[in-house]
1. Taking only protein heavy atoms and a 1.4 Å probe, what accessible area per residue, in Å², does the chain have with all protein chains in place?
2. Tell me, what is the FRET efficiency for THR242 and GLU10 to the nearest 0.05, using R0 = 22 angstrom and their Cβ-Cβ distance as r?
3. With an 8 Å cut-off on Cα pairs and a minimum separation of 6 or more residues, tell me the relative contact order of the chain in percent.
4. Restrict the search to segment 220-322; then list the trypsin sites (Lys or Arg not before Pro) that DSSP places in a loop and that have at most 10 other Cβ atoms within 10 Å of their Cβ.
5. Considering all alpha-carbon pairs of segment 183-238, what whole percent are spaced by more than 15 angstrom?
6. Could you pull the Cα extents of segment 1-106 along its three principal axes, largest to smallest, in whole Å?
7. Using 7 Å Cα-to-Cβ label points, what is the GLU311/THR221 separation (nm, one decimal)?
8. Under 21 Å Cα to Cα from LYS314, which lysines show up? Leave out anything in the same chain fewer than 8 places away.
Amino acid sequence: MALFDLPLDELREYRSASVEPEDFDAFWSKTLHEAREHDLDARFEPVDTGLTTVEVFDVTFAGFGGHPVKGWLTLPAGAAEPVPLIVEFIGYGGGRGLPHEHLLWASTGRAHFVMDTRGQGSAWGGGGGTADPVGGAPAFPGFMTRGIDAPENYYYRRVFTDAVRAVEAARSHPLTDASRTVALGASQGGGITIAVGGLVPDLTAIAPDVPFLCDYPRAATLTDRHPYREIGLYLKTHRGHTEDALRTLSYFDGVHFATRGRAPALFSAALEDQTCPPSTVFAAFNAWSHTDKTIEVYDFNDHEGGGPYQEAAKVKWLRSYV
């Protein structure tokens, strides 16, 4: 499929019809308060990787419910004082993988923390090692409908909470500069980045690429590609539950986190992206509340977006911030 969504001039003006819950802020304040009742217990274990230009730490910290969440912290070799921090979130189905898969950001002289996504890490890359010990109501295979019966039960409540705690864990290391912290990621990682951008008020910048988890009402009806299609297939069986499902999803919609964004932002979108349709990406970008924001558009690309070109754009862009 070539261009299938709105023309670019309309994308730049598009606004989501997703309805923000009245208790959105209260829901997330309560969720994070409960998570912080558990000791963060961030542990950094040195790892002998055979790499000479970086130092790597195997990280464990307490996420949602106090559950152990894994990550890698990679520092430039020989760092003697705090350096700017990049916190990265991973795409759907992936995990933190192996340390040598994450060398770009430490090579720029910054600390790099990559969070393992609970329950994932079995679809691509080097895998993951963080369990999701929470059960839930019936769901379509995948992660999009796990706990969709209520916001309190929804899978991404746990993931987004883990992500906020990941920022706190990474900032706790003595060689990371908490005052210069950037969140970034692609696809699911981009959606998590937007959520973190709305929940952590003092980030220096964010950079979500072709972000997932945005504008659910449109995404679930516009594309038949997974993972969004999981929602439709669930509702195909659970007839009459559309309104309830969309209510749950509204607490996790990147559009609503975007209205709370307080940091400069670099987004990217691809106009042939059937996985994360460009209108859903622009819905979050157009809602992003900080005035210093820009979006890179890749005309003839699908969900790979800008790939290495977008990585180069982020390296250049971030020079102005960290």
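1. Details: 12980 Å² over 322 residues.
Each residue of the chain exposes 40 Å² on average to a 1.4 Å probe.
2. Details: r = 26 Å, r/R0 = 1.18.
Working from the Cβ atoms, E equals 0.25.
3. Details: 732 pairs, mean separation 57.1, N = 322.
About 18 percent, as a whole number.
4. Numbers: sites: ARG225, ARG229, LYS236, ARG239, ARG247, ARG260, ARG262, LYS293, LYS314, LYS316, ARG319; in loops: ARG225, ARG239, ARG260, ARG262, ARG319.
In loop regions of segment 220-322 (DSSP not H, G, I, E or B), the sparsely surrounded trypsin sites (Lys or Arg not before Pro) are ARG239, ARG319.
5. On the way: 811 of 1540 pairs.
Of all Cα-Cα pairs in segment 183-238, 53 percent lie more than 15 Å apart.
6. Ordered largest first, segment 1-106 gives principal extents of 50, 42, 29 Å.
7. 3.9 nm
8. Output for LYS314: LYS293.
The values are calculated or read from the model by the stated rules, or taken from the named source; none is laboratory data. Here the structure is a predicted model, which is why all the values come from computation and not from measurement. Counting neighbours? That spans all protein chains shown, and the Cβs are built from the backbone with ideal geometry, glycine included. These accessible areas exclude ligands, DNA and RNA; they are computed on the full protein's heavy atoms, side chains included. Shrake-Rupley method; radii C 1.70, N 1.55, O 1.52, S 1.80 Å.
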